[in-house]
Amino acid sequence: MNLERQQQEFILLFDAWLKAYLEESKKNKNFSKVLLESQQYSLQSGGKRFRPFLASLIYGLFTSDLKSLKNFCLSIEMIHTYSLIHDDLPCMDNDDLRRGKPTNHKVFSEDISLLAGDGLLSDVFLLLSSDENINLHSKVELIRLVSEKIGSTGMVSGQVFDMKADRDINLEELSKIHALKTANLIQASAMGAGIVAGCTVDELHNISEFSYHLGMAFQIKDDLLDFKDKDQDFKSYPQLLGLEKTKEELDRHSKLAKNHLLNLGKNNINTLIELVDFNLLRDF
């Protein structure tokens with residue numbers, strides 16, 4: 001399968017980037033050893049690198065040289081990792097395992113884990129602002145995009161809405177949680193790649209719409225896969241809409257994602273179409 005092959009090739013490339021970044025970080029005498037170990041533990045815990053991989057696919061529609069995308073890909077994965085470290089903390093979801101391994105705070109303690117996430121988030125902006133392969137205008141646009149999508153009016157509020165929701169939640173409220181908490185970072189990944197590639201306003205609009213609907217479709221598919229779980233979160237599409245209407249929502253978002261890909265007018269969108277279809281059929 002073309003999608004699987006490309007993803008495995010990208011993971012190898014990304015992990016080499018990450019290893020080099022961590023090795024360089026070790027040379028900084030101001031970097032707390034235990035802090036770096038905590039960050040490295042979660043960064044190298046075996047994730048699928050979905051968000052940076054998506055960024056590479058979008059970027060590949062316009063250019064083939066991934067050198068300019070390296071720091072952005074690292075930044076997106078660092079943001080995702082920080083969010084997982086914090087989500088697992090006792091004051092949030094209080095999880096003991098992540099990807100089959102003890103969660104960060106179980107290994108390094110709550111205080112170090114909290115600071116590891118803080119450090120990862122802060123270092124993102126150092127990486128983006130100091131990237132010599134991206135022009136100044138694009139840097140500003142990237143920082144604005146990332147700040148908007150993951151900040152107080154984005155992913156962070158999505159987490160708050162999720163924690164504070166009650167069983168009277170309606171479809172509009174649930175969709176807002178999924179959009180802010182899940183789709184926002186997927187949007188940032190795709191749109192950021194478009195910014196680095198120098199896309200036009202119209203191209204960025206279609207990338208934004210594609211990635212929004214892809215993000216929503218991924219979350220809805222997760223809800224469907226969790227439907228058989230007796231302890232399923234009440235904040236899910238099947239609990240609110242029932243199984244059949246949830247499948248209709250999944251199909252709707254998937255079709256809209258494909259439509260916006262087609263609107264880009266590019267010939268090399270097959271892998272991205274395959275990604276949408278993969279989500280429809282996946283069983284994990």
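Every number here is computed from the coordinates shown, using simple stated rules; none is lab data. Values in this document were obtained by computation on a predicted structure and should not be read as measured data. Glycine gets a Cβ as well: all are built from the backbone with ideal geometry, and neighbour counts include every protein chain shown.
Taken as Cα centroids, segment 141-220 and segment 11-46 sit 27 Å apart, rounded to the nearest whole angstrom. Using a cutoff of 8 angstrom between alpha carbon atoms and counting only pairs six or more residues apart, the relative contact order for segment 120-218 works out to 27 percent.
What's the FRET efficiency of HIS205 with LEU171 using the Cβ-Cβ distance as r and R₀ = 30 Å, to the nearest 0.05? Given R0 = 30 Å and the Cβ-Cβ separation, E is 0.75. Remark: segment 258-270, residue by residue, has Karplus-estimated 3J(HN,Hα) of 5, 4, 6, 5, 4, 5, 5, x, 9, 7, 9, 9, 4 Hz, where x stands for each Gly or Pro and the curve is 6.51 cos²θ - 1.76 cosθ + 1.60 at θ = phi - 60°.
Under the rule of -39500 (n - 2.57) per DSSP H run of 4 or more residues, summed and divided by the residues of the chain, what mean residue ellipticity at 222 nm is obtained, to the nearest 500 deg cm²/dmol? Please report the intermediate quantities before stating the final value.
Working: 14 runs with 199 residues, N = 284.
Theoretical 222 nm ellipticity from helices: -22500 deg cm²/dmol.
Classification of segment 188-240 by its C-alpha gyration tensor yields a prolate form. The axis ratio a/c (a ≥ b ≥ c) is 1.5 or more, and a/b outweighs b/c.
Between rounded, prolate and oblate, where does segment 34-186 land on the alpha carbon gyration tensor, with a ≥ b ≥ c its root eigenvalues, rounded for a/c under 1.5, else prolate if a/b exceeds b/c? Because a/c hits 1.5 or more and a/b fails to exceed b/c, segment 34-186 counts as oblate.
Could you tell me which of the pairs LYS221/LYS245; LYS164/LYS235; LYS106/LYS164; LYS27/LYS101; LYS101/LYS149 are separated by over 18 angstrom between their Cα atoms in the structure shown? Walk me through the numbers on the way to the answer.
Values: LYS221/LYS245 12 Å; LYS164/LYS235 11 Å; LYS106/LYS164 25 Å; LYS27/LYS101 28 Å; LYS101/LYS149 29 Å.
Pairs exceeding the cut-off: LYS106/LYS164; LYS27/LYS101; LYS101/LYS149.
Once you sort the root eigenvalues of the Cα gyration tensor of the chain as a ≥ b ≥ c, which label holds: rounded (a/c under 1.5), prolate (a/b larger than b/c) or oblate (the other case)? Note, shape of the chain comes out oblate. For segment 274-284, putting each phi into the Karplus relation 6.51 cos²θ - 1.76 cosθ + 1.60 with θ = phi - 60° gives couplings of 4, 5, 4, 5, 4, 4, 4, 9, 5, 10, 8 Hz, in residue order, rounded to whole numbers and with x for Gly and Pro. When the chain is treated as a Gaussian network with alpha carbon springs shorter than 10 Å, the biggest mean-square fluctuation among ASN259, ASN270, ASN30 belongs to ASN30. Residues with beta-carbon under 13 Å from that of TYR41, excluding TYR41: net charge, scoring Lys, Arg +1 and Asp, Glu -1? That sum, taken over residues with Cβ under 13 Å, equals +3.
Given contacts defined as C-alpha pairs under 8 Å and at least six residues apart, what's the relative contact order of the chain, whole-number percent? Intermediate results must be reported in sequence, preceding the final value.
Numbers: 321 pairs, mean separation 49.1, N = 284.
Over the chain, the number comes to 17 percent.
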